[in-house]
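The values are calculated or read from the model by the stated rules, or taken from the named source; none is laboratory data. Keep in mind that this is a model prediction, so the values were computed, not measured. Note: ideal-geometry Cβ built from the backbone for every residue, glycine included; neighbour counts use all protein chains shown. Remember, those area values only see protein heavy atoms, side chains included, never the ligands or the DNA or RNA. Shrake-Rupley method; radii C 1.70, N 1.55, O 1.52, S 1.80 Å.
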Protein chains: 2
Amino acid sequence: MQVRPPYKIALVQMAMAAEPAANLDKACAQVRQAGSQGAKVVCLPELFRSPYFCQKEDAALFSLAEPIPGPSTEALGWEARRSGVVVLASIFERRAAGLCHNTTAVIGTDGAILGKYRKMHIPDDPGYYEKFYFAPGDLGFQVFPTEFGNLGVLVCWDQWFPEAARLLALRGADIVFCPTAIGWHPDEKAAHGAAQLDAWRTVQRGHSIANGVYLAAVNRVGLETPAGPPGIEFWGSSFLCDPQGVIVVEASAVREEILVDTVDPGRIEDVRRHWPFLRDRRIDAYQGIDHRFLDVER
Amino acid sequence: MQVRPPYKIALVQMAMAAEPAANLDKACAQVRQAGSQGAKVVCLPELFRSPYFCQKEDAALFSLAEPIPGPSTEALGWEARRSGVVVLASIFERRAAGLCHNTTAVIGTDGAILGKYRKMHIPDDPGYYEKFYFAPGDLGFQVFPTEFGNLGVLVCWDQWFPEAARLLALRGADIVFCPTAIGWHPDEKAAHGAAQLDAWRTVQRGHSIANGVYLAAVNRVGLETPAGPPGIEFWGSSFLCDPQGVIVVEASAVREEILVDTVDPGRIEDVRRHWPFLRDRRIDAYQGIDHRFLDVER
């Protein structure tokens, strides 16, 4: 029995400037920095190239979108090749006039695009008006094989859906990366902030436990008010947890940081031998899980 | 829009004696006690009528099994009627010669059996040799409507499987009850005990969050050595969490306790309005989740 060797990954927790060019420059610098620290896979936060524009619905903001391949994947492809790393880059993808997606490009160590994942679950909540900007993904839940390991990607709202994480585990993911843009409404923070952050962390740790995979949540940080006050205070707190849900490394709620730590397929092997959930799934009895609801007369 | 009123539930954390009759007597007394504290639904731990016999494989132990209806449901039915409560009673069910299940009977306030749930996911691990004793359940994942609320049941190993919790939410559960028998191998406790307990709690809280339901885990407590030392130290720690995964009440790891607290359908309504995961599920894209694994050539 052969298990692949451990590899290092980097979670880049960033604060965003107003200017896309500045954010792209910073992202490139962070990829270099992560590579110099030994990371082989580097994940940027969701939509790192701009402030979180979905705080309002404004057709002018579609101008932020770009094709894939495009300027961002080109710049990051260059960095990926230079540092010999895989880069996960979350991009506002313009696919056609009036058709955009929230897409994560997976860029290989040769600088070429290995594949892309289009965010499948699109939120629409006060301050997170994503259904206005993004068509739901049409590429399914994918795992990207690389020379280091098998990488699954979910994006933000996806991270609340157990079916998504399960499908990535069934497709052989070692780790699920979750580029994210989540934070507190400043006027809710005192009453609900701690419970919200804890629920976010807990549901993702739960995916790790139920599936025996690593999970890396990569969030932005800082207060952004593109729609005026009060804005959103992005809560950082990026973390890596192991296949038993144990938090290996975690960032602060307020600062930019690069977390570099290890994914060890041997640890997955060990945890799953002791907790063999994949062995015992009742695949004969999950009918209905692809229904919206199973209405019962009462 | 009408939301049903809150109702109180009780989680009975018990330590088991060697004699089944003593455990049944205690269970009946605990149901009365819970009823006197205002509980309307009372959940006993998994297989409360005996020590956790699955620590060894011994055909003689099939003598512990009983039919449903049978002596345990009769005694508890009497208590249910007397106290006007619903009782969830986990029983080693003898269905036919050589065919037993790990079954939870749901007993109504009139003392009659409302329905039963046969544990679907059956473990087989050192000290938990359940595949020897229990045939996998054949009644699916069920929600039991009662005059108080809609009750879902999962049993122990089931509680690690997100599909099971999801199906109960889709069938309208307010709360998922998880009668359980889980503990530490004493020789693993120092190195792994804290992580194991935390993973158990976390994956279940994750189900609550992902589905917007309450969840009540009801465990036994105490060291049991029916197969000789070192035995299993059942870790108690029964808890109720709310639809955001917040722990409402939690028992100790070492003592018998009855936890009585409230399930509020209004809280479910509120949490799901703010975190509308059921609205956004990609039911068009979960194909493959009923497969054992989605093998990929690599």
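Where along chain B is the Cβ that lies nearest the axis linking it to chain A, and how many Å separate them?
Closest to the rotation axis on chain B: B:Gly206, 1.
Name the long-range amide H neighbours of B:Val153: under 5 Å, sequence gap of 5 or more, or other chain; modelled H, no Pro or chain starts.
Counting only residues 5 or more places away or on other chains, the set is B:Gln142, B:Phe177.
Enumerate the calculated ³J(HN,Hα) couplings along region A:228-234 in order (Karplus 6.51 cos²θ - 1.76 cosθ + 1.60, θ = phi - 60°), each rounded to whole Hz, writing x wherever the residue is Gly or Pro.
Those phi angles translate into x, x, x, x, 10, 9, 5 Hz.
Taking all protein chains in place and a 1.4 Å probe, what share, in percent, of the accessible surface of region A:7-280 do carbon and sulfur account for?
The nonpolar share, carbon plus sulfur, comes to 53 percent.
Counting alpha carbon pairs within less than 8 Å and at least 6 residues apart, what relative contact order, in whole percent, applies to region B:44-133? All intermediate terms of the calculation are to be shown ahead of the outcome.
Values: 156 pairs, mean separation 27.8, N = 90.
Relative contact order here is 31 percent.
Just for the Cα atoms in region A:7-280, what are the lengths along the principal axes, largest first, rounded to whole Å?
Per principal axis, max minus min of the Cα coordinates gives 52, 46, 34 Å.
Starting from the Cα of A:Lys8, draw a straight line to each of the aspartates and glutamates and keep only those under 20 Å, dropping any in the same chain fewer than 8 residues away.
List returned: A:Glu79, A:Asp110, A:Glu147, A:Asp174, A:Asp242, A:Glu250, A:Glu256, A:Glu257, A:Asp261, A:Asp264, A:Glu269, A:Asp270.
Helix-derived [θ] at 222 nm for chain A: sum -39500 (n - 2.57) over DSSP H runs of at least 4, divide by residue count, nearest 500?
So the calculated ellipticity at 222 nm is -8000 deg cm²/dmol.
Go ahead and set up a Gaussian network model of chain B, Cα springs under 10 Å, then flag whichever of B:Asp58, B:Asp110, B:Asp284 fluctuates most.
Result: B:Asp284 has the largest fluctuation of those listed.
Ignore the peptide's own chain and count Cβ atoms of other chains within 10 Å of each Cβ in A:271-280; give me the average, rounded. Numbers along the way, then the final one.
Working: counts 1, 0, 1, 5, 7, 3, 7, 2, 4, 11.
Mean inter-chain Cβ contacts per residue within 10 Å come to 4.
Just the accessible area per residue of the protein assembly as shown, please: how many Å² with a 1.4 Å probe? Let's see the in-between values first.
Values: 21060 Å² over 596 residues.
With all protein chains present, the protein assembly as shown gives 35 Å² per residue.
Tell me the total accessible area that B and A bury against each other, 1.4 angstrom probe, in square angstrom rounded to 100.
Chains B and A together bury approximately 5500 Å².
Averaged over B:162-172, how many beta carbons belonging to a partner chain fall within 10 Å of each residue's beta carbon?
Working: counts 13, 11, 5, 3, 7, 7, 1, 2, 8, 5, 5.
Partner-chain Cβ atoms within 10 Å, mean over residues of B:162-172: 6.
How much net charge surrounds A:Gly193 when only the other residues with a Cβ under 14 Å from the Cβ of A:Gly193 are counted, with Lys and Arg +1 and Asp and Glu -1? Please list the in-between numbers first.
Numbers: positive: A:Lys189, A:Arg201; negative: A:Asp187, A:Glu188, A:Asp198, A:Glu233.
Overall, the nearby charge balance is -2.
Within the set B:Lys40/B:Lys119; B:Lys56/B:Lys189; B:Lys56/B:Lys116; A:Lys40/A:Lys189, which residue pairs have Cα atoms separated by over 31 Å? Could you put the intermediate results ahead of the total?
Values: B:Lys40/B:Lys119 24 Å; B:Lys56/B:Lys189 20 Å; B:Lys56/B:Lys116 26 Å; A:Lys40/A:Lys189 36 Å.
Cα-Cα > 31 Å for A:Lys40/A:Lys189; rest within.
Please report the Cα spread of region B:84-164 along all three principal axes, rounded to whole Å, starting with the longest.
In descending order, the Cα extents are 40, 32, 20 Å.
Compare A:Ala285, A:Ala96, A:Ala194 in a GNM of chain A, Cα atoms joined below 10 Å, and give the one with the largest fluctuation.
A:Ala285
What is the antiparallel percent of DSSP beta bridges lying wholly in region A:7-280, to the nearest 5?
Details: 37 of 52 bridges.
Rounded to the nearest five, the antiparallel share is 70 percent.
Work out from phi, with θ = phi - 60° and the Karplus expression 6.51 cos²θ - 1.76 cosθ + 1.60, the ³J(HN,Hα) of each residue of region B:252-259, listed in order in whole Hz, and give x for Gly and Pro.
Rounded to whole hertz, the list is 6, 8, 10, 10, 5, 8, 10, 9.
List the extent of the Cα atoms of the protein assembly as shown along each of their three principal axes, largest first, rounded to whole Å.
74, 58, 36
Tell me, what is the percent relative contact order of chain B, built from C-alpha pairs under 8 Å that lie six or more residues apart?
Numbers: 662 pairs, mean separation 59.3, N = 298.
Across chain B, relative contact order equals 20 percent.
Antiparallel as a % of all DSSP beta bridges within the protein assembly as shown, to the nearest 5? Could the numbers behind the result be given before it?
On the way: 74 of 105 bridges.
Rounded to the nearest five, the antiparallel share is 70 percent.
Can you give me the Cα centroid spacing of region A:122-160 and region B:139-163 in angstrom?
Each part's Cα centre sits 30 Å from the other's.
Please check: in the Gaussian network model of chain B (C-alpha springs, under 10 Å), which one of B:Pro45, B:Pro243, B:Pro145 has the largest mean-square fluctuation.
B:Pro145
Rg to Rh ratio, region B:1-114, alpha-carbon atoms and Kirkwood radius?
Numbers: Rg = 14.8 Å, Rh = 14.6 Å.
Ratio of gyration radius to Kirkwood radius for region B:1-114: 1.02.
Inside 10 Å of the C-beta atoms of A:114-123, what's the mean count of C-beta atoms belonging to other chains? Provide the component values of the computation, followed by the final result.
Values: counts 0, 0, 0, 0, 0, 0, 6, 6, 2, 5.
Across the residues of A:114-123, the mean count of other-chain Cβ atoms within 10 Å is 2.
List the residues whose amide H sits under 5 Å from the amide H of A:Ala253, counting only those 5 or more places along or on another chain, with H placed 1.01 Å from N in the peptide plane.
Close amide H contacts, sequence-distant or interchain: A:Ser237.
Please compute the net charge surrounding B:Gly236, taking Lys and Arg as +1 and Asp and Glu as -1 over other residues with Cβ under 15 Å from its Cβ. Spell out each step's value before the answer.
Values: positive: B:Lys189, B:Arg201, B:Arg220, B:Arg255; negative: B:Glu46, B:Asp198, B:Glu224, B:Glu233, B:Glu250, B:Glu256, B:Glu257.
Residues near B:Gly236 contribute -3 overall.
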